[in-house]
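For reference, the structure discussed in these notes is given below.
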Ligand code: FES
Ligand code: ZN
Ligand code: ZN
């Protein structure tokens, strides 16, 4: 296999683009994909302050690296979820990544800030770890961005993640979520703008990118992920892409272009301030506060 650009030996094949690239041109290709996405959806405006949620995994570290290479200065925030060695190791890798590149990193320990770890929340509320984790991440990352006066929260969701989430929302006909599944969620009172610049980059490509750029990332999977239904869907999505290259970008790209607007109204719900934390919610007390109350209740 030869590189599409320079005809040298290829290092990575991208079947959905019917192309292969050498190391240098693969890196360029990924940068171009991200730049195009940022531009097409007008994700970043001049002067906006960016905060990226980093987990120590390949996607978020690769994205932090890419943004920096594209000239966007972003600070990082790492949430320590209290998942034993996995969290300690991921934090260590994130810290070294940031310090080697002179990037600024805030660490939020959710036990210190909110009174519970993810395993505690899961066992005390009988939710799956991943659902307690997802809810806590969304809340704590937005909190960190608001507190730090940032304009944009950057998320490392890749094409496979978006495809699996979309499939899950379709399988459950979760119309409210479908209306909110967009590459850019504009800011509204209490929430900073949220963007997903890796929308066009598949997971195997972020992995290849990280390896080729010498990024040391957490390879182990979260130990709590076993049996997670979204993860299972992601495996199916990878299989689908393998059998039919291009299927995922068509699925996600088509939805973003033509589908999500159809559900927009469904996501326009009346919000008012949570009685406990003041953040916008549809109920009296927001879902995160309810989780926190149950997870920290005296037993
Ligand atoms: Fe969230 Fe594992 S990282 S449950
Ligand atoms: Zn080349
Ligand atoms: Zn609340």
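FYI, it's all coordinate maths here, none of it is from the lab. Since we're looking at a predicted model, the values are computed, not measured. In this analysis, Cβ positions are derived from the backbone assuming ideal geometry, glycine residues included, and neighbour counts consider all displayed protein chains.
Using the Kirkwood formula over every pair of different C-alpha atoms, what hydrodynamic radius in Å results for the stretch 145-208? Mind showing how you got there, number by number?
On the way: mean 1/r = 0.0773 Å⁻¹.
12.9 Å is the Kirkwood radius here.
I'd like the orientation of helix 159-171 relative to the chain: the angle between its Cα long axis and the longest Cα principal axis, in ° from 0 to 90, rounded to 10.
50
Beyond 23 Å, what share of the Cα-Cα pairs of the stretch 137-264 is found? Please give it as a whole percent.
40
Helix 58-69 versus the longest principal axis of the chain: what angle, 0 to 90°, nearest 10, using Cα atoms?
70
Measure nothing fancy, just the Cα-based angle from helix 203-212's long axis to the longest principal axis of the chain, in degrees from 0 to 90, nearest 10.
With rounding to tens, the tilt is 70 degrees.
For the stretch 172-256, what's the relative contact order in percent, using C-alpha pairs closer than 8 Å and at least 6 residues apart?
18
Can you give the Rg and Dmax of the stretch 29-85 based on its C-alpha atoms, in angstrom?
12.9, 40
If we restrict to alpha carbons, what Rg and Dmax does the stretch 46-115 come to, in Å?
For the stretch 46-115, the Cα radius of gyration and maximum Cα-Cα distance read 12.4, 40 Å.
Return the Cα extents of the stretch 75-166 along principal axes one, two and three, sorted largest first, each rounded to a whole Å.
Extents along the principal axes, in whole Å: 41, 32, 25.
At 10 °C and 1.306 mPa s, grab the translational diffusion coefficient of the chain from Stokes-Einstein with a Kirkwood Rh over Cα pairs, rounded to a whole number in µm² per second.
79
For the stretch 233-288, what is Rg from Cα atoms divided by 2.2 N^0.38 Å, rounded to two decimals?
1.76
Nearest 500 deg cm²/dmol is fine: what mean residue ellipticity at 222 nm does the chain get from its DSSP H runs of n ≥ 4 alone, each adding -39,500 (n - 2.57), divided by its residue count? If you can, show how the numbers build up before the last one.
Values: 13 runs with 146 residues, N = 299.
The helix contribution divided over the chain gives -15000 deg cm²/dmol.
How do 17, 126, 29 rank when sorted from fewest to most other Cβ atoms within 10 Å of their own Cβ?
The fewest-first ordering by Cβ neighbours comes to 126, 17, 29.
Binning at 10 Å from 0, report for the stretch 3-44 what percent of all alpha-carbon pair distances ends up in each bin.
Percent of Cα pairs in each bin: 30, 44, 22, 4.
Return 165, 128 ranked ascending by Cβ neighbour count within 10 Å, so the fewest neighbours appear first.
Details: 165 20, 128 16.
Arranged by neighbour count, lowest to highest, 165, 128 become 128, 165.
Taking Rh as the Kirkwood radius computed over C-alpha pairs, what is the Stokes-Einstein D of the stretch 1-119 at 20 °C in a medium of viscosity 1.002 mPa s, expressed in µm² per second?
Estimated via Stokes-Einstein, D reaches 131 µm²/s.
Taking other Cβ within 10 Å of each residue's Cβ, how do 170, 269 sort, fewest first?
Lowest count first: 269, 170.
Hey, what did the chain get for relative contact order, percent, Cα under 8 Å, at least 6 apart?
21
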